[in-house]
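First up is the structure itself, then whatever we jot down about it.
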Amino acid sequence: MAAPAYAFTISRAAEILGEDEELLWDLADDLEPEDGCLWIHGPNDQQTMPFTDRGLNSLRERISQHKRSQSSPRS
């Protein structure tokens, strides 16, 4: 498998998906590299989470699951 040529920051992913960045942080917490989620480590322990196209699709799925669970009646 070839390495991705580009990735989207979580801020850009939020724009593309039309969702809140904080929600994406919560939903992406346990995504793995094979799900399209990477980590970039910068100076001074700075970190950011970018997403490949596969990562955007993984987030779409999780957003859909999250919304379904929020709208389902609770017992």
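For the chain, the share of alpha carbon pairs falling in successive 10 Å distance bins from zero is 18, 49, 24, 7, 2 percent. In the context of the full set of protein chains, the chain has a per residue accessible area of 73 Å² (1.4 Å probe).
Full extension of the segment from N44 to R60, taken as 0.36 nm per residue of separation minus the current Cα-Cα distance, would add 2.6 nm.
Taking every alpha-carbon pair under 8 Å whose residues sit at least 6 apart, segment 11-58 reaches a relative contact order of 30 percent.
The values are calculated or read from the model by the stated rules, or taken from the named source; none is laboratory data. Keep in mind that this is a model prediction, so the values were computed, not measured. We work out accessible area using only protein heavy atoms, side chains counted, and drop any ligands, DNA or RNA first. Shrake-Rupley method; radii C 1.70, N 1.55, O 1.52, S 1.80 Å.
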